[in-house]
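Since the structure comes first, as structure tokens, the remarks are kept for the end.
The values are calculated or read from the model by the stated rules, or taken from the named source; none is laboratory data. Everything numeric here is computed off the predicted structure, so don't read it as measured data. As a convention, Cβ positions derive from the backbone with ideal geometry for all residues, glycine included, and neighbour counts pool all protein chains shown. Surface areas here come from the heavy atoms of the whole protein model, side chains and all, with no ligands, DNA or RNA. Shrake-Rupley method; radii C 1.70, N 1.55, O 1.52, S 1.80 Å.
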Amino acid sequence: MNKREVLLKGTNVTKVFGHGKKKTIAVSEVDFAFHRGEIISIVGESGSGKTTLAKMMMGLLKETSGNIEYLGKPRQLKTYAQRKAYWKDIQAIFQDPFSSFNIFHKVEKLLKDCIKLQGLKLSKKEQFEKMKEACSFVNLKFEELYNKYPFELSGGQMQRLMIARIFMLHPKILIADEPTSMIDACSRSTILDMLLKLRDENQMTIIFITHDVGLAYYVSDTLYIMEKGKIVESGPAEEIIISPRHLYTKQLISDVPKIHEEWNLA
Ligand SMILES: Nc1ncnc2c1ncn2[C@@H]1O[C@H](COP(=O)(O)OP(=O)(O)OP(=O)(O)O)[C@@H](O)[C@H]1O
Ligand SMILES: [Mg+2]
């Protein structure tokens, strides 16, 4: 397996919302190239365009201009079959877990749907084993949760359930938009560890989207720094933290006063 293989590549990707006076350029001429098994963080403050960019990567929003290539070919999402095939390979965890689930489905159905999505034909017992395994990967007990609706779970349980689904679907690319915002610091590091384990076991490419440059440095190989719709700086995480070139990156880093001590860069 070629680790430097480019999975997802964007050139001049732009998204404009609205017209005339109400026009917002949410994402402006962004270039990116994400490799197999790479962990990337897109860092920027609120409103900088991170979620809009993520939605275009997912194919949930159409870019106003620019190109996105998947596995070296222009991405095709016109037909249902093309979208279904693409979404088998690229999955996302969004800020609000409720938006990722059908809230009228119980946990058991949410997990069974992953087996269905993969087109696997399994016996009842095999399905049960698979769902149980996915739950135990994220420290949830299937027996306690299978009969519950998403709104009966805590924020942390819901986010772990989302990761259990990712474990079952094992996509090539996972986009995690502020996956840790709803939970306390302790479960936060557990969730991050689970995601890193998924990368190590499956060579998954993970794209983290966050405000937190310290966290981004901790988890990623590569950083993309986003300001007002533009990527102002990108490159290996360590290089950027040790010698940021752009003023905005310097500001982001100085907003985290302890980053140099915490990550032993003093
Ligand atoms: N559907 C939409 N219609 C109009 N404007 C939008 C829409 N979605 C986002 N925007 C605007 O685009 C800009 C970027 O928004 P986006 O949600 O991508 O930012 P973000 O970096 O994810 O912010 P946060 O960190 O707060 O989640 C903002 O100015 C926002 O108001
Ligand atoms: Mg966002």
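How many residues does the stretch 27-53 hold that are surrounded by 23 or more Cβ atoms within 10 Å (Cβ to Cβ), within 13 Å of ligand 1 (Cβ to nearest atom) and not polar (S, T, N, Q)?
Adding up the residues that qualify gives 8.
Residues to consider are PHE142, PHE128; find the one that is open to solvent by 40 Å² or more (accessible area, probe 1.4 Å) and aromatic (Phe, Trp, Tyr).
Matching residue, one of PHE142, PHE128: PHE128.
Residue under question is ARG75, and the condition is that it be surrounded by 13 or more Cβ atoms within 10 Å (Cβ to Cβ) and more than 27 Å from GLY214 (Cα to Cα); does it hold? Give the steps one after another, and end with the answer.
On the way: surrounded by 13 or more Cβ atoms within 10 Å (Cβ to Cβ): yes; more than 27 Å from GLY214 (Cα to Cα): yes.
Spelling it out, ARG75 is indeed surrounded by 13 or more Cβ atoms within 10 Å (Cβ to Cβ) and more than 27 Å from GLY214 (Cα to Cα).
Filter the stretch 59-83 for residues that are under 12 Å from GLY10 (Cα atoms) and not in a loop (DSSP other than H, G, I, E, B); which is farthest from ligand 1 (Cβ to nearest atom)?
Once the filter is applied, the top-ranked residue is LYS73.
Name, by its number, the condition in (1) in contact (Cβ under 8 Å) with a residue 24 or more places away in the chain; (2) closer than 29 Å to TYR218 by Cβ that does not hold for VAL16.
Going through (1) in contact (Cβ under 8 Å) with a residue 24 or more places away in the chain; (2) closer than 29 Å to TYR218 by Cβ one by one, VAL16 breaks only (2).
Does any residue of the stretch 190-207 turn out to be within 16 Å of ligand 1 (Cβ to nearest atom), touching a helix residue (DSSP H, G or I) at 6+ places or on another chain (Cβ under 9 Å) and modelled with pLDDT of 90 or more?
Yes, the conditions are met somewhere in the stretch 190-207.
Among the residues of the stretch 222-238, which ones are open to solvent by less than 20 Å² (accessible area, probe 1.4 Å) and not in a strand (DSSP E or B)?
GLY229, ALA237
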